[in-house]
Amino acid sequence: RQIILDLNELTMIPKLLFANNRIEKLSVSYNKLNSISRDLFLSLKNSLEHLEVEHNKLFHLPDSLAQVARLRHLSLAYNQLEESPPLPGRIQTLSLAGNFLTTIPSALQTLEPGSIRYLDLSYNRISNLLPNEFLDWSTSLGTLNLRGNRIAQIYKNVFPANMPVKEINLSFNDLYHVDPQSFSNLSSSLHVLESSSTLFS
């Protein structure tokens, strides 16, 4: 039920996998993939729970990824994505670290409330955190990693009161101003706020 194809020279996922609709975990990290067939996700839509496609050359993924209903753990870290693909609604852990994102992905708005617990958007090109970006979908979010982006300011009411986050990492950004009330809504839940190598007032 697991297929691990890490550290190879694959430029595409072998079609023989498309016929195996019982795969629960698939890892194809550290390859040379620049695309994934929509048919792969359609063939695994009722079985796949864990998908790792880290350190490849993906520019985009097919919309059929959103149909993988059982998927809970997804890592697309260190590819060349400029935006998140459509996501299955019940993702629990998601890593889009090391891509070319410039904003918080709008695809997160489609997640079911109470699903996502861990979100890694570190080492992208995100420059702003806008009010209302973290709404219903973040009601179960425990860890938010924004390390190594280009965030310059954090405004009041960016983080809603119903966001139970325990750890936020904002280190290695370009912060120069944080509203005094930016984290006031999180005072009862936030345990760790990492902001080293930033300068803010």
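Kindly indicate whether Ala97 is touching a Pro at 6+ places or on another chain (Cβ under 9 Å) and assigned to a loop (DSSP other than H, G, I, E, B). No. Within segment 131-143, does at least one residue satisfy the condition of being modelled with pLDDT of 95 or more, in the same structural domain as Val192 (by TED's automatic domain parsing) and not in a loop (DSSP other than H, G, I, E, B)? Scanning segment 131-143 turns up at least one residue that is modelled with pLDDT of 95 or more, in the same structural domain as Val192 (by TED's automatic domain parsing) and not in a loop (DSSP other than H, G, I, E, B). Asp179 meets all of the listed conditions (1) surrounded by 17 or more Cβ atoms within 10 Å (Cβ to Cβ); (2) in contact (Cβ under 8 Å) with a residue 24 or more places away in the chain but one, namely (1). Selection of first residues in segment 118-133 that are under 11 Å from Asn99 (Cβ atoms) and of second residues that are surrounded by 16 or more Cβ atoms within 10 Å (Cβ to Cβ) and of a type in the set (Gly, Ala, Ser), restricted to Cβ pairs under 6 Å at least 6 apart or on distinct chains, gives the following pairs, ordered by first then second residue: Asp120/Ser95; Asp120/Ala97; Ser122/Ala97; Ser122/Gly148; Tyr123/Ala97; Tyr123/Gly98; Tyr123/Gly148.
The residues of segment 29-41 that are within 14 Å of Val68 (Cβ to Cβ) and either surrounded by fewer than 16 Cβ atoms within 10 Å (Cβ to Cβ) or among the hydroxyl-bearing types (Ser, Thr, Tyr) (or both), listed by number, are Ser37, Arg38, Asp39. For segment 74-84, a residue qualifies if it is over 10 Å from the mean Cα position of the chain (by Cα) and crowded, with 18+ Cβ neighbours inside 10 Å, and the qualifying residues are Tyr78, Asn79, Leu81. Only one of the listed residues (Arg117, Arg125) is surrounded by fewer than 16 Cβ atoms within 10 Å (Cβ to Cβ) and among the basic types (Lys, Arg). That residue is Arg125.
Residues in segment 113-130 that are at pLDDT below 95 and over 20 Å from Ser171 (Cβ atoms): Pro113, Gly114, Leu130. Counting the residues of segment 7-28 that are assigned to a loop (DSSP other than H, G, I, E, B), touching a strand residue (DSSP E or B) at 6+ places or on another chain (Cβ under 7 Å) and surrounded by fewer than 17 Cβ atoms within 10 Å (Cβ to Cβ) gives 1. Picking from residues in segment 144-166 that are among the hydrophobic types (A, V, I, L, M, F, W, C) and not in a loop (DSSP other than H, G, I, E, B), the one that is nearest to Leu87 (Cα to Cα) is Leu144. Residue-level check: of (1) crowded, with 19+ Cβ neighbours inside 10 Å; (2) on the phi < 0 side of the Ramachandran plot; (3) touching a Phe, Trp or Tyr at 6+ places or on another chain (Cβ under 6 Å), Leu96 misses just (3).
The values are calculated or read from the model by the stated rules, or taken from the named source; none is laboratory data. Computed from a predicted model, the values in this text were never measured in an experiment. No Cβ is skipped: glycine too gets one built from the backbone with ideal geometry, and neighbour counts run over all protein chains shown.
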